[in-house]
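Chemist: Here it is, the structure in full.
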Amino acid sequence: MGKNARQVTVRTETGEQGDIRLRCGSFPTGVVVGRGLLPRLNSLTGRDECPFVVADEITGPLFGDYPGKRKGMHLLPRGEKGKSLSSIGGIYASLAGCGMERTDTILALGGGVTGDAAGFAAATWMRGIRLIQCPTTLLAQADSAIGGKTGANLPEGKNLVGAFHPAEWVLSDVECLRSQKEEDFRQGLAEAVKYGAGEDWRFLSWLEENAGPILRRDCGVLLRLVSECSRMKLTVVSEDEREQTGARARLNLGHTVGHALEAASGFGRWKHGDAVAAGMMVAARLALRLGELQENTVRRIGRLLRSFGLPLTPDIPWEETAPYLAMDKKFTGGSPRLVIPGEGKPCRLRDDIPLSLLREAYEERIAALDGTSLSMYS
Ligand SMILES: NC(=O)c1ccc[n+]([C@@H]2O[C@H](COP(=O)([O-])OP(=O)(O)OC[C@H]3O[C@@H](n4cnc5c(N)ncnc54)[C@H](O)[C@@H]3O)[C@@H](O)[C@H]2O)c1
Ligand SMILES: [Zn+2]
C-alpha cells in the first residue's frame, strides 16, 4: 500500500450466503463477491431492479436470463470491436428503442470490453445514468469492473475516448469464471500477480500456495482471489480516483512495457495479460539492476507467472517496441516513468530510470529459472 493507504479502509463483511461484501467509505461502489449472485440481484442491491442488460454474443446467451426482470438487452460483438464507437452507437439505439430514462439502470454483463462499453454508454446516456457491473471474466472481476474507468476504442488507438463513471454495484459471481477459455482466464491471473508483486507480497505467497486450486478454478479459492484483488483495487482507486496523486499509477506495474507489446503486435498476438506478465518481468529485472529486488525474488515472480502459463519475455525486438513506449502517457520528455516493484513493499512510480537500463532489462533473455530454459511461452 502507498504512503497514504492508512487513510483508506475497505470494510469487509460476510453476507447471508457466504458472499464477501466490500465497501470503501469514500468510494461510490459496493462490491459483492460470491456465487449465484445474478438471480439475487434485488436482494443484493435492495431495490426492485429492472435494468437494461448489455452483454456480448457469448455472455448474453450464457447468463442473460439470470438477472430476471429486465427492460431490454443489447448484445455487443465479442472482442475489442465491442468497444468501437459504432458498437456503442448500437447500444444508444437500443436504449432509445426501450425508452430508457434518466432514472433507469444499465447492467453490464460480460468481460472488460462489455464493462467498458456499457459503462461508457451509462456515463453518457442522458448525461449519466445508474450502472451495475456484473463482470464475468477474471480480468474484469479482479480489475476492470472496479474503479470507474469506462471507454471506447477509436481507429486511431485503444481507449482514446472515455469517462469516469463508477458502478453503484460490482457483483462478481465466481461461478461465471468456470466457463472461461483457459487463454482468457490466464489474462486475469497476470493482474492477480500484479497485485501480489505490486501491492501485497503476502498475497503473492498465497497465490504461490494456491496455484493448483486456482488453475482448477476451485470456487472457494476464486472467491478469496477475487475479493483480495477487489479490496486492493478499491483501496488504490479510493486514494486517487482520478489518477491525480500518482497512487493509481501503481496499478500499472508491468503495463508500460505491456501496452507497448500489445500495440507493437497490432493488438493481436500479444493479449493484455500476457503482455503485462512479460512487462512485469522487465520491471522486475530493472528492479534487480536498481537494487530494489533480489535475484531470488525476480525468479520467484517468474516461476509463478510461468506456473499460470504466462510468458516471461518479450519476443519483439526493442527497436519495434520502443516507439510505442515513447508514446506512453507515462513517458515524460523522452525519459521513462516506470512502476518498479520493491522487495517486501509496494511498488513505486519512478521517473529516474535511464533508457539504456530499461533496454537492457527488456532484451535480457532469462536462461533458466530453476534449471529449465525458457522461451516466450515456456
Ligand atoms: N476499465 C478499466 O479500468 C480496465 C482495466 C483493464 C482492462 N480494461 C479493458 O478490458 C478489456 C479486456 O477485458 P477481458 O479480458 O475481460 O476481455 P473480453 O471482455 O473481450 O472477454 C474475453 C472473451 O471472453 C468471453 N467471455 C466473457 N465472459 C465469459 C465467461 N464467463 N465464459 C466464457 N466466455 C466468456 C467474451 O465473450 C470474450 O470473447 C480490454 O478492452 C481492456 O482495455 C479496462
Ligand atoms: Zn491491466
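Read-outs: derived from the displayed coordinates by stated rules, not from any lab. Everything numeric in this text was worked out from a predicted model, so none of it was measured. So basically every Cβ, Gly included, is an ideal-geometry build from the backbone, and we count neighbours across all protein chains shown.
Chemist: Rounding to the nearest 10 and keeping the result within 0 to 90°, find how far the Cα-based axis of helix 182-198 lies from the longest principal axis of the chain.
Modeler: Tilt of helix 182-198: around 60 degrees.
Chemist: Run lengths n ≥ 4 of DSSP H only: what is the helix-derived mean residue ellipticity at 222 nm for the chain, with -39500 (n - 2.57) per run over all residues, to the nearest 500?
Modeler: Details: 13 runs with 148 residues, N = 378.
So the helix-based figure for the chain works out to -12000 deg cm²/dmol.
Chemist: Mind checking the angle between helix 85-97 and the chain's longest principal axis? C-alpha axes, 0 to 90 degrees, to the nearest 10.
Modeler: Helix 85-97 and the main axis of the chain meet at about 20 degrees.
Chemist: Just check the range 253-363 against the gyration tensor rule for me: Cα atoms, a ≥ b ≥ c as the square roots of the eigenvalues, rounded for a/c under 1.5, and otherwise prolate or oblate depending on whether a/b exceeds b/c.
Modeler: On the way: a/c = 1.81, a/b = 1.10, b/c = 1.64.
Oblate, because a/c is 1.5 or more while a/b does not exceed b/c.
Chemist: Further, regarding this structure: Quick check: pseudo-label points 7 Å beyond the Cα along Cα→Cβ at Ala211 and Ala163, how many nm apart are they?
Modeler: 4.4
Chemist: What length, rounded to one decimal in nm, is gained on full extension from Ala93 through to Arg127, with 0.36 nm per residue of separation minus their alpha-carbon distance? Intermediate results must be reported in sequence, preceding the final value.
Modeler: Working: separation 34, 0.36 × 34 = 12.24 nm, distance 1.56 nm.
Length gained, Ala93 through Arg127: 10.7 nm.
Chemist: Moving on. What does the convex hull of the Cα atoms come to per residue for the chain, in Å³? Show your work: numbers first, answer last.
Modeler: On the way: hull volume 48.0 nm³, N = 378.
Measuring per residue, one finds 127 Å³ for the Cα hull of the chain.
Chemist: Which trypsin sites (Lys or Arg not before Pro) in the range 53-103 pass both tests, a DSSP loop state and at most 12 other beta-carbon atoms within 10 Å? Intermediate results must be reported in sequence, preceding the final value.
Modeler: Values: sites: Lys69, Arg70, Lys71, Arg78, Lys81, Lys83, Arg102; in loops: Lys69, Arg70, Lys71, Arg78, Arg102.
Here the trypsin sites (Lys or Arg not before Pro) that fit, given the DSSP loop and packing criteria, are Lys69, Arg102.
Chemist: Mind listing the Cα extents of the range 169-313 along all three principal axes, in Å, largest one first?
Modeler: The Cα atoms of the range 169-313 stretch 41, 34, 32 Å along the principal axes, largest first.
Chemist: At a 10 Å Cβ-Cβ cut-off, how would you order Thr235, Thr45, fewest neighbours first?
Modeler: Working: Thr235 21, Thr45 18.
Arranged by neighbour count, lowest to highest, Thr235, Thr45 become Thr45, Thr235.
Chemist: Right, next: Say R0 is 25 Å: what FRET efficiency, to the nearest 0.05, do Asn296 and Glu183 get from their beta-carbon distance?
Modeler: Working: r = 30 Å, r/R0 = 1.19.
Once rounded, the FRET efficiency stands at 0.25.
Chemist: Fewest to most neighbouring Cβ within 10 Å: what's the order for Tyr324, Tyr92?
Modeler: Tyr92, Tyr324
Chemist: Can you list the trypsin sites (Lys or Arg not before Pro) in the range 186-262 that are in a DSSP coil and have 16 or fewer other beta carbons within 10 angstrom? Each step should come with its number before you reach the end.
Modeler: Values: sites: Arg186, Lys194, Arg202, Arg216, Arg217, Arg224, Arg231, Lys233, Arg242, Arg248, Arg250; in loops: Arg216, Arg217, Arg242.
Passing sites in the range 186-262 are Arg216, Arg242.
Chemist: Further, regarding this structure: Cut-off is 10 Å between beta-carbons; in what order do Ser238, Ser335, Ser172 appear when sorted fewest neighbours first? Write down the numbers at each step before the final one.
Modeler: Working: Ser238 22, Ser335 14, Ser172 30.
Lowest to highest Cβ neighbour count: Ser335, Ser238, Ser172.
Chemist: Another question about this same structure. GNM on the chain, C-alpha springs below 10 Å: top fluctuator among Pro51, Pro314, Pro213?
Modeler: Pro213
Chemist: Compute the long axis of helix 112-124 from its Cα atoms, compare it with the longest principal axis of the Cα atoms of the chain, and write down the angle in degrees, 0 to 90, nearest 10.
Modeler: Roughly 50 degrees, rounded to the nearest 10.
Chemist: From Cα coordinates alone, what are the radius of gyration and Dmax values for the range 5-179 in angstrom?
Modeler: So, for the range 5-179, Rg and Dmax equal 15.2, 47 Å respectively.
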